[in-house]
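Before any comments, here is the structure.
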Amino acid sequence: MEKRPPETPIERFPALERFGFVRAGFVCRAPGVEPHGDRQAMLARLAGAHAAARASLGMAGMPCATAEQTHGNGVALVNGAGNFAGVDALVTAVPGIALGIYVADCCAVYLLDPVRRCIGLVHSGKKGTELGVVPAAIEKMRLHFGAKPGDMAAQLSPCIRPPYYETDFAAGIVLQCRAAGLREIFDGGQCTAADLGKYYSYRAEEGKTGRMLALFALSD
């Protein structure tokens, strides 16, 4: 009998899932998949683990939307599947679409307006935070879906933090969310570089690493 590979750990976020109509998870380091090769080669090697994680989160049959991730502040309005060029953030009000962001030290920021039932998923590292990609996504949700920052919740994923990195961009993201009017901001404080058994870290592994996958969807 063929031995099944160990399951890839998935972190869940009660602050988001308490609403009942969203599915959210952060796919951690895949056991048994040694990191080597460039980003695309590594993503190909992780495809099986990531597909299993989507199934575990109830997203197996959902079309998936991802962002090119240029460390900028572009935001895409998502109505279907695809890889959206030139953006670092995805927003949607369409149920049944899985938003995906890959990270290896940067922060994946989950945004939710539970009243208007719209979501966003943002890739924000040092550069993206400096350029205000999270406030740009909040504004896109306000303009297109009528989202109200006072009703919104934000959840930060694990990311690199001091003393393993010179800039605490996670703290900057929290300040940006507060300045935008969000009152519910959640951050577990986990550092990717401090736990290589659980997370990938571009800085700690000198670029020879894999990618975690942040997933977010409105239930269909």
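Worth pointing out:
- Scope region 67-81; condition surrounded by fewer than 20 Cβ atoms within 10 Å (Cβ to Cβ) and not in a loop (DSSP other than H, G, I, E, B); matching residues: 77
- Tallying residues that are among the β-branched types (Val, Ile, Thr), free of Cβ contacts under 8 Å to residues at least 40 places away in the same chain and either crowded, with 24+ Cβ neighbours inside 10 Å or out of contact with any helix residue (DSSP H, G or I) (no Cβ under 8 Å at 6 or more places or on another chain) (or both) within region 82-121 yields 1.
- Region 159-195, subset touching a Cys at 6+ places or on another chain (Cβ under 7 Å) and in a loop (DSSP other than H, G, I, E, B), residue surrounded by the most Cβ atoms within 10 Å (Cβ to Cβ): 160
- Close pairs from region 34-58: first farther than 19 Å from residue 199 by Cβ and part of a helix (DSSP H, G or I), partner hydroxyl-bearing (Ser, Thr, Tyr) and at pLDDT 85 or above, Cβ under 7 Å, at least 6 apart: none
- Considering residues of region 122-156 that are of a type in the set (Lys, Arg) and in contact (Cβ under 8 Å) with a residue 12 or more places away in the chain only, the residue surrounded by the most Cβ atoms within 10 Å (Cβ to Cβ): 140
- Among the residues making up region 15-49, those that are β-branched (Val, Ile, Thr) and closer than 17 Å to residue 100 by Cα are 22, 27.
The values are calculated or read from the model by the stated rules, or taken from the named source; none is laboratory data. What you see is a predicted model; the values in this text were computed from it and never measured. Note: ideal-geometry Cβ built from the backbone for every residue, glycine included; neighbour counts use all protein chains shown.
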